[in-house]
Amino acid sequence: MIFSSIYTASESLCYPKGIQKALDFLKDHDFTAMEPGRFELQGDDIFATLMDATTKPKEEVHPESHREYIDVQFVVSGTEKLGFVNDTGKYEPIEHPEGSDVYFYGEVENESFVVSTPGCFSVFFPEDIHRPCVCAGEPENIRKVVVKIRVAAL
């Protein structure tokens with residue numbers, strides 16, 4: 001898991017090409033002026049989804065992971081808590097919608113949280129179980145971008 005700010009992310013860091021492509025996309029667009037939807041950066045290998053969501057209490061959000069894709073999650077507006085824990089193989093998914101790359105889990109142990117505000121980004125790899133859209137206080141409307149990077153395209 002990587003957590004940083006798009007405004008302070010150093011150009012000297014050597015992110016893999018797929019992650020750098022995602023960060024460049026996030027830096028180069030004004031998402032406040034765009035309509036929610038899907039944006040292809042490299043076909044199905046790298047694409048972004050701009051969405052509006054409402055944060056919820058932790059108990060109402062299942063932790064999740066992905067096996068084919070890496071998530072780069074970016075907050076455009078609002079505040080969101082993100083939970084994360086290493087997938088040690090100890091947790092069994094409680095749900096896996098057919099044809100999707102999302103695996104939902106029940107409760108996880110030793111979960112840590114970061115508070116993500118506008119400009120913050122998080123990178124979640126397949127070994128990271130994460131819990132997005134948790135409220136940092138009261139539920140609120142947020143706008144965020146999730147860039148999906150196929151592991152094979154990294």
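The values are calculated or read from the model by the stated rules, or taken from the named source; none is laboratory data. If you're wondering where the values come from, they're calculated on a predicted model, not measured in any experiment. Here Cβ is always computed from backbone atoms with ideal geometry, including for glycine, and neighbour counts include all displayed protein chains.
In the range 110-154, the qualifying residues are those that are under 14 Å from the mean Cα position of the chain (by Cα) and small (Gly, Ala, Ser), and the one that is nearest to Ile2 (Cα to Cα) is Ser122. Restricting attention to the range 35-61, the residues that are surrounded by fewer than 17 Cβ atoms within 10 Å (Cβ to Cβ) and part of a loop (DSSP other than H, G, I, E, B) total 4. Could you list all residues from the range 73-85 that are within 20 Å of Ile149 (Cβ to Cβ) and touching a Gly at 6+ places or on another chain (Cβ under 9 Å)? Hits for the range 73-85 are Phe74, Val75, Val76.
Among the residues of the range 73-99, which ones are in contact with a Lys or Arg (Cβ under 8 Å, 6 or more places away or on another chain) and within 18 Å of Phe124 (Cβ to Cβ)? Those that are in contact with a Lys or Arg (Cβ under 8 Å, 6 or more places away or on another chain) and within 18 Å of Phe124 (Cβ to Cβ): Gln73, Phe74, Val75, Val76, Glu80, Lys81, Leu82, Gly83, Phe84. The residue that is nearest to Val75 (Cα to Cα), among those in the range 123-143 that are surrounded by fewer than 16 Cβ atoms within 10 Å (Cβ to Cβ) and charged (D, E, K, R), is Glu140. The single condition among (1) of a type in the set (Gly, Ala, Ser); (2) farther than 21 Å from Glu95 by Cβ; (3) modelled with pLDDT of 95 or more that Ser12 does not meet is (3).
For the structure I just gave you, tell me whether Tyr105 is surrounded by 17 or more Cβ atoms within 10 Å (Cβ to Cβ) and farther than 23 Å from Ile19 by Cα. Considered against the rule, which asks whether it is surrounded by 17 or more Cβ atoms within 10 Å (Cβ to Cβ) and farther than 23 Å from Ile19 by Cα, Tyr105 comes out as yes. If I filter the range 62-80 down to residues being over 13 Å from Leu23 (Cα atoms), of a type in the set (S, T, N, Q) and in a strand (DSSP E or B), which single residue comes out as farthest from the chain's Cα centre (by Cα)? Checked the range 62-80; the qualifying residue farthest from the chain's Cα centre (by Cα) is Ser77.
Answer yes or no as to whether Tyr15 is surrounded by 13 or more Cβ atoms within 10 Å (Cβ to Cβ), out of contact with any strand residue (DSSP E or B) (no Cβ under 6 Å at 6 or more places or on another chain) and either part of a loop (DSSP other than H, G, I, E, B) or among the aromatic types (Phe, Trp, Tyr) (or both).
So Tyr15 passes the test.
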